[in-house]
Each structure stands twice: as C-alpha cells, then as structure tokens.
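Some notes on the structure that comes next.
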Amino acid sequence: MDSLNILVVDDSPIITRKLTMMLELLGYRVVKTAATGTDAISAYKTCKPDVVTMDITMPDMDGIEATRRIITEFPEAKIVMVTSHGQEKMVIDALKAGAKGYVLKPFDGQKLYEAIQKACKRVVLKDKLRAEAMLRDAQ
C-alpha cells in the first residue's frame with residue numbers, strides 16, 4: 001500500500017506532535033492537523049486525507065460529532081478514534097457514528113499501525129463486496 005495521507009485531530013499539542021512523529025516513522029504522511037471538531041471537518045474537506053486519527057474529547061465539538069458530520073458528507077472517510085482508557089461508551093458511540101476503529105492512549109506504534117491498516121482494509125473489503133454484488137445484479 002502506498003504511503004497514506006493522514007489528518008491528525010487532537011486538542012493536545014503534545015499528543016499531536018507525538019502522533020505526527022509516530023505516523024511519519026511508520027511511513028505515513030501527516031498532511032494536516034486540527035485541534036477541534038470544527039477544524040477537523042474543515043480540514044477534511046480541504047485535504048481529503050486517506051485516514052483521520054480523531055481524539056474524542058475536544059473543545060467546541062467532540063470527536064464523535066465531528067466523525068458523524070464527516071461520515072454524513074463523506075461516507076468513504078476512514079476515521080480511527082484515539083482515546084483514553086475509561087471511555088469505552090464513547091468509543092462505541094464513535095463506532096456507531098462511523099469510525100472504522102480506535103486506539104487507546106497511551107498508544108504504541110504497532111497498535112496505531114494495526115488500527116490504521118484495519119480501517120483501510122475494512123473499507124477496501126466493503127467496496128470489493130459492493131462491486132461483486134453490482135456485477136451479480138448486472139448479469
């Protein structure tokens with residue numbers, strides 16, 4: 001798989017820097033960062049990243065609502081939630097809103113890599129199944 005373009009969304013500059021460094025070490029390109037849900041939506045529209053890493057708890061709009069709004073407008077969006085332990089209900093809400101996966105803080109490179117790859121493969125598999133169904137229907 002070619003290097004993926006990533007949008008990093010987190011209100012903590014320290015987490016944003018750590019995520020950016022880790023993603024770049026894994027071979028990804030961080031094309032933009034955002035610190036709020038509102039900024040995340042705007043950034044997604046302008047840079048159309050392959051994957052978004054989205055914090056759940058942020059000022060002005062949480063990551064769940066930002067995810068919901070991005071997925072509504074861009075159903076193909078691949079969003080991986082980045083969250084703390086103890087936010088399991090919020091993770092479930094985020095998955096219901098359309099997130100493709102999650103990684104818990106403190107995260108390591110392997111878990112982050114796996115979450116991003118899993119999110120990408122899930123979408124590829126769904127697209128492949130949809131294409132196969134369309135071919136069957138066309139015959």
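Points to keep in mind about this one:
- The residue that is farthest from Leu7 (Cα to Cα), among those in segment 84-112 that are surrounded by fewer than 18 Cβ atoms within 10 Å (Cβ to Cβ) and small (Gly, Ala, Ser), is Gly86.
- Within the set Pro59, Pro49, the sole residue that is within 18 Å of Tyr113 (Cβ to Cβ) and either touching a helix residue (DSSP H, G or I) at 6+ places or on another chain (Cβ under 9 Å) or of a type in the set (A, V, I, L, M) (or both) turns out to be Pro49.
- Scope segment 33-52; condition free of Cβ contacts under 8 Å to residues at least 60 places away in the same chain, in contact with a strand residue (DSSP E or B) (Cβ under 8 Å, 6 or more places away or on another chain) and not in a loop (DSSP other than H, G, I, E, B); matching residues: Thr33, Ala34, Gly37, Asp39, Ala40, Ser42, Ala43, Tyr44, Thr46, Cys47, Val52
- A search for C-beta distances below 8 Å between a residue of segment 88-102 that is under 10 Å from Gly63 (Cα atoms) and any residue that is surrounded by fewer than 20 Cβ atoms within 10 Å (Cβ to Cβ) and among the polar types (S, T, N, Q), counting only pairs 6+ apart in sequence or on different chains, returns Met90/Thr57.
- For first residues located in segment 7-30 and under 17 Å from Ile41 (Cα atoms), partners that are in a helix (DSSP H, G or I) and hydroxyl-bearing (Ser, Thr, Tyr) and lie 6+ apart or on another chain with Cβ distances below 8 Å form the pairs Leu7/Tyr44; Val8/Thr16; Val8/Thr20; Asp10/Thr16; Val30/Thr20.
- Residue satisfying condition, being within 14 Å of Ala99 (Cα to Cα) and either surrounded by 14 or more Cβ atoms within 10 Å (Cβ to Cβ) or β-branched (Val, Ile, Thr) (or both), within set Thr36, Thr72: Thr72
- In this structure, Gly63 qualifies as crowded, with 17+ Cβ neighbours inside 10 Å and in contact with a Ser or Thr (Cβ under 9 Å, 6 or more places away or on another chain).
- Each residue in segment 8-32 was checked for being surrounded by fewer than 16 Cβ atoms within 10 Å (Cβ to Cβ) and assigned to a loop (DSSP other than H, G, I, E, B), and 2 pass.
- Summed over segment 77-97, residues that are at pLDDT below 95, under 13 Å from the mean Cα position of the chain (by Cα) and not in a helix (DSSP H, G or I) total 2.
The values are calculated or read from the model by the stated rules, or taken from the named source; none is laboratory data. If you're wondering where the values come from, they're calculated on a predicted model, not measured in any experiment. Cβ sites come from the backbone with ideal geometry, for glycine too, and all protein chains shown count toward neighbours.
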